[in-house]
Amino acid sequence: MEDVTILAIESSCDETAASVVRNGRMVLSNIISSQIDLHTLFGGVVPEIASRKHIEKINQVVTMALEEAKVTLEDITAVGVTYGPGLVGALLVGVAEAKAIAYAAKKPLIGVHHIEGHVSANYIEHPELEPPFLCEIISGGHTHLVIVKDYGEFEILGRTRDDAAGEAFDKVARAIGLGYPGGPKIDRVSKQGNPRAIEFPRAHIEDAPYDFSFSGLKSAVLNYLNQCDMKGEKYVQADVAASFQQAVVDVLVSNAMQAARDRNIKKFAIAGGVASNSALRAAMKQACAENGIDFYYPSPVLCTDNAAMIGCAAYYEYQKGTRSGWDLNAVPNLKLGER
Ligand code: KG4
Ligand code: ZN
């Protein structure tokens, strides 16, 4: 069988990324130019600045990806690109770049769903993993519990009713003075804290056992900080961080295990930026072992935004015959399962 080599581009938020992926799971290069330092100055991602930085970096990042993979555009089978969901201006940079390259090199263009990319990160590091399996996608913008029925085919069991898990991490981090990016900072500080110090709420939704809600938890943390302030007491940053993190982890673990038991699924994967959280990984590992479930998780660099995961997803879309037209546009609120 002939090799299928995908050049993939990802620019949905604050990473400008390009990658070359062969036959779906072999990553020949994975270049990520992060804008984190820049956005840290503003306490969060500034969409306008993100778009401008993508424009500056994108050609360089694509060139590096091709060079590192030791391939030319001639060797590329197709160009894959994230076209949603994400920041519209940021997405447009990647989409325009991918279109220009595909058109000039006379290669097919494949628009990829960002969340499908996150799920696919698991295929890269687990050659044996194939659908069907249960997957919890936990990122800055999304919290979904799905059954991956086939490549790129999802049955959505649960989703967040309000904030995404990563969003809650980022907001709480800001409130306790850790700043942006919140997730990794809370992860680090929590190691010094007591996760049982403060009893924060774990939201469970009566008639939707797989849905999530994190805004009540976020408010509970803000109330706790307020109360400390009013009493003139100093709160212990590490204890607040660890107790908040534990509350998020407990809900993520219990919803996933509930779904695995109800649907009798023995394979479970996590994906997205929050999936790199060390406490979550440890808790999931233990829960899966107790329930006799095989647990899959990508290494941290493949959990957060990258183009290798987009290349992997594009490969399976390519095999299914998915092709995008030259009118491919950015779709900022693209839903999971839509094209
Ligand atoms: O998947 P991702 O890179 O971008 C989106 O598609 O949203 O996820 C970014 C999110 C941010 O909210 C960030 O705070 C969170 O993932 N995150 C973490 C960790 N690393 C990144 N959250 C908790 N613990 C971490 N170690
Ligand atoms: Zn993402």
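The values are calculated or read from the model by the stated rules, or taken from the named source; none is laboratory data. None of these values were measured; they are calculated from a predicted model. Because the Cβ atoms are built from the backbone with ideal geometry, glycine has one as well, and the counts that use them run over all protein chains shown. Keep in mind that these areas ignore ligands, DNA and RNA; they rest on the heavy atoms of the full protein, side chains included. Shrake-Rupley method; radii C 1.70, N 1.55, O 1.52, S 1.80 Å.
Numbers below:
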item	result
Radius of gyration and Dmax over the Cα atoms of the range 26-70, both given in Å	12.7, 38
Protection proxy ranking, peptides 73-83, 43-53, average beta carbon neighbours within 10 Å, highest first	73-83, 43-53
Ranked by how many other beta carbons lie within 10 Å on average, peptides 173-185, 135-147 from highest	135-147, 173-185
Residue-count net charge about ASP3 - beta-carbon cut-off 9 Å; Lys, Arg +1, Asp, Glu -1	-1
Tensor-based shape of the range 229-325 (alpha-carbon gyration tensor, a/c under 1.5 rounded, otherwise prolate or oblate)	oblate
Tilt relative to the chain, helix 114-125 - C-alpha long axis, 0 to 90 degrees, to 10	80 degrees
Candidate residues PHE42, PHE133: accessible-area rank, largest first, probe 1.4 Å	PHE42, PHE133
Accessible surface of the range 120-159, 1.4 Å probe, proportion on carbon and sulfur as whole %	44 percent
Accessible surface, per residue, of the chain when the full set of protein chains is kept, probe 1.4 Å, Å²	43 Å²
In Å, descending, principal axis extents of the Cα set of the range 93-151	39, 28, 19
Given charges at Cβ of Lys, Arg, Asp, Glu: the chain dipole, positive-most of GLY182, LEU92, ALA256	GLY182
Principal axis box of the chain, alpha-carbon based, largest edge first, Å	67, 47, 31
Helical mean residue ellipticity (222 nm; -39500 (n - 2.57) per DSSP H run of 4+; nearest 500) of the chain	-14500 deg cm²/dmol
Taking only Cα atoms of the range 170-244, radius of gyration then Dmax in Å	12.9, 41
Simple label model, 7 Å out from Cα along Cβ direction - ALA282 to VAL4, nm	4.0 nm
Ratio Rg/Rh [Cα only; Rh per Kirkwood] for the range 123-176	1.11
The range 41-190: Rg to Rh, with Rh as the Kirkwood radius over Cα pairs	1.01
Relative contact order of the chain, pairs being alpha-carbon contacts under 8 Å that are 6 or more residues apart, as %	25 percent
Cut-off 11 Å between beta-carbons: net charge of the residues surrounding LEU87, Lys and Arg +1, Asp and Glu -1	-2
Accessible area of ARG22 in the full protein assembly, 1.4 Å probe (Å², nearest 10)	60 Å²
Separation of alpha-carbon centers, the range 80-119 and the range 247-262, rounded to whole Å	33 Å
For the range 58-109, alpha-carbon Rg relative to the globular expectation (2.2 N^0.38 Å, N residues)	1.15
Mean separation of Cα contacts under 8 Å, 6 or more apart, over the residue count of the range 191-255: relative contact order %	54 percent
Of all accessible heavy-atom area on the range 1-41, the percent that carbon and sulfur account for (1.4 Å)	54 percent
Rounded to the nearest 10 Å², the accessible area of ARG159 at probe 1.4 Å	110 Å²
Rel. contact order, % - alpha carbon contacts under 8 angstrom, at least six apart, the range 154-304	25 percent
Surface accessible to a 1.4 Å probe, VAL62 within the full protein complex, Å²	10 Å²
Ranked packing of 90-97, 215-222, most packed first, by mean Cβ within 10 Å	90-97, 215-222
From phi via Karplus (6.51, -1.76, 1.60), per-residue ³J(HN,Hα) for the range 265-278 in Hz, x at Gly/Pro	10, 10, 10, 9, 10, 10, 8, x, x, 5, 5, 8, 5, 5
